[in-house]
Every structure is written in structure tokens, then in C-alpha cells.
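What follows is one structure encoded as C-alpha cells, with my remarks underneath.
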Amino acid sequence: MKATSFEFRYRLTIGFFIYLLGFWAPWIHYGPFAGRSTSTWLELCGLLASTHVLSLQYATLVVTITAILCAAAGAAFRVSGTAYLGAGIVTSGTMRAPSIVVAGPYRYVRNPLYLGSFVFSLAISILMPPSGAIFFVAAIFLQMLRLILGEEAHLTAQQGELYLAYKARVPRLFPSPVPRVPASAAQPRWLEAILTETYPVTMTLCFVVLAWRYNALLLTQAVIICFGLSLVVRALAVKRPQTI
């Protein structure tokens, strides 16, 4: 079930194709199952309004605010996790375990980066066709779980009992409301983290500013721009780890 070294090295590329299939959802455009294409955003608003608990106007507001909060929470987990772990390790093409980080969000949850990615993906999924969104969320979760299991095996092999003790105290994906381990002296690198996490940060800003136009196509275009910008920033401003 755990990811291979190939999957880890090309995790960004695999994630890109998951995004592509989620937005494109070719199965709704071709073949016997082709049908009307709409956004999950619109469908969720209609579904919530159909319960007659909320009007369509308020249902739309609830779905939109929830998406913005998911984007913001996901970006926050990503930035804080990267700030304490280090951009070099986050962007590395190989699994690295020089030490166990027990500072910042890592005192509450073992995998704040993957948790952030998944929560952020929930916000992005409302821009996709419903079947594309279902595929996207399921595929992102499966990829995330495989990567987590691969990293856990690597950390166990590298750090042994020290990591197993940390693993026993800190939850994998559901954050504890209180710190589960004492804080270390690690200092966060916030600017480096924000640059590394340009995509979720800028896309969250786009949600905050543009979501009130209720235009899924406009925000889909923002996804493309923000993702492209993040690749440029990583290439120019984020220091790569040295290969050992």
C-alpha cells in the first residue's frame, strides 16, 4: 500500500494528472456515459437548497464560505508545516529523515502537509464536474495515504524507536486539540515557506477575492495561473536540497 520511490519522486507530476482528470473528467464528454457538464459548486448549492432548510441564496453563501475556509485552512497547514520542516525537505525528490520535527503543527499532527493538501483539495473540487470532483478527492486521498505510509516506513527505518515513540503519541491526520509532545527549539522560516507554498497561498487569495462572482470557470483559470506561478517561484526562489 505504501508509495514507491518513483511515486514519491514524481508526486507533483502525478498530482498534476489527478487535477487534470478531475477538471476535464473525460468520461462525461465521450462514450456512452457522456452527459451534461456542470460544476460541483452549483450542484451542492442546489442540493442544499432542495432540503428547504436554506434558500438558494443562503445555500450558495454557505457552500462558498466553506470552500474559502477549506482553502485557507489547507494553505495554513501547508505553510506552517513547510516553515518548520524546511523547503529543502518538502521539495526533495527523495525521502529524507535527518531528524524528527517536534515543533509547530508537528506537535498536534504527524502529517500537516498532507492534511493541508487534502483540505485544500476539497475547496478546489467544487470547481470540477461532480463526477470529476469525486474522482479527484478519492485519488488525492489515495495518493496521500500511499505517500504517508511510505514516509512512515522510511522514518521508522531511519529513526527507529525515536520515531515510533513520536508516532504513538501524535495522530496521523486528525489534529489533537492540545500539543502531544514538548516543543523543540526549531525556528520556522516563514518567508521560505510562503514562497514554497505559493500555489495554495495565492489560490486562497483568489478564492477570497473572486468567489463572490460565483464563476467556476474564472476560478479554474486562477488555478492554472497560480499553479504555473508556483512552479516559476519554486524554480527561481526556493533552494533545492543537495543530493547525497
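Here segment 58-94 is scanned for amide nitrogen atoms under 20 Å from the site 7 Å beyond the Cα of Thr38 along Cα-to-Cβ, giving 58-67. Only one item in (1) 19.2; (2) 18.7; (3) 18.1 matches Kirkwood radius over Cα pairs in Å derived from the coordinates shown, and that item is (1). Taken one residue at a time, the phi angles of segment 49-63 give Karplus couplings (6.51, -1.76, 1.60, θ = phi - 60°) of 5, 5, 6, 6, 7, 10, 6, 4, 4, 6, 5, 5, 5, 5, 5 Hz. Gly and Pro are set to x.
When you count the other C-beta atoms within 10 angstrom of each residue and take the mean per peptide, 74-81, 150-157 line up highest first as 74-81, 150-157.
One chain, two ends: Arg9 and Leu69. Fully extended at 0.36 nm per residue, the span grows by 18.6 nm beyond their Cα-Cα distance.
Measuring r between the beta carbons of Met1 and Ala138 and using R0 = 22 Å, the FRET efficiency lands at 0.90.
Within 10 Å of each candidate Cβ there may be at most 16 other Cβ atoms; applying that plus a DSSP loop requirement, which trypsin sites (Lys or Arg not before Pro) in segment 1-33 survive? Kindly include the intermediate steps, with their values, before the conclusion.
Numbers: sites: Lys2, Arg9, Arg11; in loops: Lys2.
Passing both the DSSP loop test and the Cβ count: Lys2.
Comparing Ser176, Ser230, Ser50 in a Gaussian network model of the chain (Cα springs below 10 Å), the most mobile by mean-square fluctuation is Ser50. Report note on the peptides 177-185, 217-225, 195-203, 129-137: ranked by the mean count of other C-beta atoms within 10 Å, highest first, their order is 195-203, 129-137, 217-225, 177-185. Which net charge results for the neighbourhood of Phe8, defined as the other residues with beta-carbon distances under 11 angstrom from its beta-carbon, given Lys and Arg at +1 and Asp and Glu at -1? Its environment carries a net charge of +3. For a paramagnetic label modelled on Leu149 (point 7 Å from Cα along Cα→Cβ), amide N atoms under 20 Å away belong, within segment 1-28, to 1-12, 14-15, 18.
Only helical DSSP H runs with n ≥ 4 go in: add -39500 (n - 2.57) per run for the chain, normalise by residue count and round the 222 nm mean residue ellipticity to 500 deg cm²/dmol. Provide the component values of the computation, followed by the final result.
Values: 11 runs with 158 residues, N = 244.
Taking each H run of at least 4 residues, the total per residue is -21000 deg cm²/dmol.
Modelled spin-label separation between Lys239 and Ala186, with each label point placed 7 Å from Cα along the Cα-to-Cβ direction: 1.7 nm. The stretch between Gln221 and Leu173, if pulled fully straight at 0.36 nm per residue, gains 14.2 nm over its current Cα-Cα span. Residue separation of Leu54 and Glu161 scaled by 0.36 nm, minus their Cα-Cα distance, works out to 33.3 nm of gained length.
Among Leu12, Leu85, Leu173, the residue with the largest mean-square fluctuation in a Gaussian network model of the chain, with springs joining Cα atoms closer than 10 Å, is Leu12. For the chain, the longest principal axis of the alpha carbon atoms and the long axis of helix 216-237 meet at an angle near 20°. Largest GNM mean-square fluctuation among Met128, Met144, Met95, using the chain with Cα springs under 10 Å: Met95. Extending 7 Å from the Cα toward the beta-carbon at both Ser99 and Ser131 defines two label points whose distance is 5.1 nm.
Once the gyration tensor of the Cα atoms in segment 90-173 is diagonalised, the equivalent ellipsoid follows with semi-axes of 28, 13, 11 Å, ordered largest first.
Every read-out reported here was derived from the displayed coordinates using simple, explicitly stated rules and does not represent laboratory data. Everything numeric here is computed off the predicted structure, so don't read it as measured data. All Cβ positions, glycine included, derive from the backbone under ideal geometry; neighbour counts span all protein chains shown.
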